[in-house]
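Colleague: One structure, pasted below without further comment.
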Amino acid sequence: MDALVGVMIDVEKALNMCMEKDLYSAGLDFFSALGYPVEPLEIAINESMSRFVYYISKNHCIFGSDETKIMHSVASISWLFTLSNNVKELSHVQNVIIENKLISSISCLCVELDCALNDRSILASNLTKIICKVLDSPVVVLFKHADQVLMASMFMINGVEAKDLKTFLSDWYPFNPVQEDALMTLASWTFDNYCDANFYMLYMDLAYTIARPYLFNEDYGFLNFNPNSSAVSTYFENDEVIVINGIRYFCPVIIYEKIYEIDPREFYGSDYVNDKETIEVLTDDPEWMFDDLFDQEEFEPDSMNGEDDLDNDGGRFENNGELLINEGFSQEAIDYSSLDDEILNDPIKMLEYINGLKIR
C-alpha cells in the first residue's frame, strides 16, 4: 500500500507539470513516476507535428489530405524515449516476430492537442495511427487536451494500412484539479505490472491495462476485463470476479453494457471511438422505424391507390381528369458513348451538355 501511495504522489507531481508549457518534461515525469526505464532521447522536444514527421523521424511516408488535416490539430509533440534492448533494465526482454513484423522496441511520446472537445478522442486515435506509421514500431502516446490526459497505444502489422488498424484508448483523466479515483487508476499503470518476456507481450499488457473495456472485447491472458478501468470498483483476482455497484460479475460472462449500465456509446458520447465499428443511430426503441414518423395514409402517394396513370407520350400524368405536364421527365436515356472525352472529363462541360438536352 505504501508503494502505491508513493506512486500516486509521483504521478500527481507529474500531472501538475502538465499545467506548464513544457510538456516534454511533464511527459518524462509521468512515465518515470510509473516506473518506466526512461532514457530521454532529446531529439524532439515540444516540436511541431510537421517538423517531427518530415525532419526528425526521417520517414518516407506519404500522407493523404485527411491525415495532413488531422496533423494540424497538434499543438506540440515530443518523442520522449524508446523501450528496447539497448536500455539496461530491458536487456533481458526478447525480440519477437508477430504477423511477419519484428517487434523489438516501443516508442513513447507526448502530444498536446489543439482541437474542439468533441473531436479530442477521434483525433487522438487517428494521430496515434499516424505516429505509428511514421515510426514503424509500437507506440504509446500520452495525450493532453485542456486539463485532461489520455493514453493511447498501437502497433503496426505488415501489409495492413495504419488507418485499418486498431488503437487502444484510455479514459480521459483530469489533472486540474487531480481527482483521487483518477490518480489511483493512473498509479495502477506501473511498469512493474507488465509481462516483460518479449516486447509484444509487454506492449499487449500495457495496451490491455489502459484500454477502455469495450476496446478489449476478446479474452487476453487470464482476464476477460480490464480491472484498472474507472468503471470497476473492486477486483478479486483469486475469485476471478469483479464488483460493480455491489453486483458480482464472473469474468467469463461479463457483458459490457452491464458494466457501463448503458450502451458504451452513450456512456462516452463524443469520446466514443471504435475503429472496427460503423456508426449507428441510437434510439430508445430498437423496433423504431423511419416510417413510423408519418401517417401512412396521409403520406401515401395517390399512385399507390391506382389513381395516377403515366402517359407514355412526353411524361404526362393524368389525375382526376386533369392533364399535368412533367417537363423534367424523359424516358430517353443519354448515350454517353457518343460523347467526346473532353466533355466526359470536364464536369462543367458535362453539366452544360445535360442542360442542353433539357432545353431540347
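No lab work stands behind these numbers, since they all come straight from the coordinates. Keep in mind that this is a model prediction, so the values were computed, not measured. Cβ placement follows ideal geometry from the backbone for every residue including glycine, while neighbour counts extend to all protein chains displayed.
Colleague: Any idea how far apart residue 75 and residue 39 come out in nm if each label point goes 7 Å out from Cα toward Cβ?
Modeller: 3.2 nm
Colleague: Still on this structure, I have one more. Give me 108, 61, 115 sorted ascending by neighbouring Cβ count inside 10 Å, so fewest comes first.
Modeller: Ascending number of Cβ neighbours within 10 Å: 61, 115, 108.
Colleague: A further question on this structure: If I model a spin label at residue 270 and residue 51 as a point 7 Å from the Cα along the Cα→Cβ vector, what separation in nanometres do I get?
Modeller: It is 3.0 nm.
Colleague: I need the Kirkwood Rh of segment 2-211: take the reciprocal of the average 1/r across all distinct C-alpha pairs and report it in angstrom.
Modeller: About 17.2 Å for segment 2-211.
Colleague: Please give the length that would be gained between residue 90 and residue 4 if that part of the chain were fully extended, namely 0.36 nm times their separation in residues minus their C-alpha to C-alpha distance (nm, one decimal).
Modeller: Gain on extension, residue 90 to residue 4, equals 28.7 nm.
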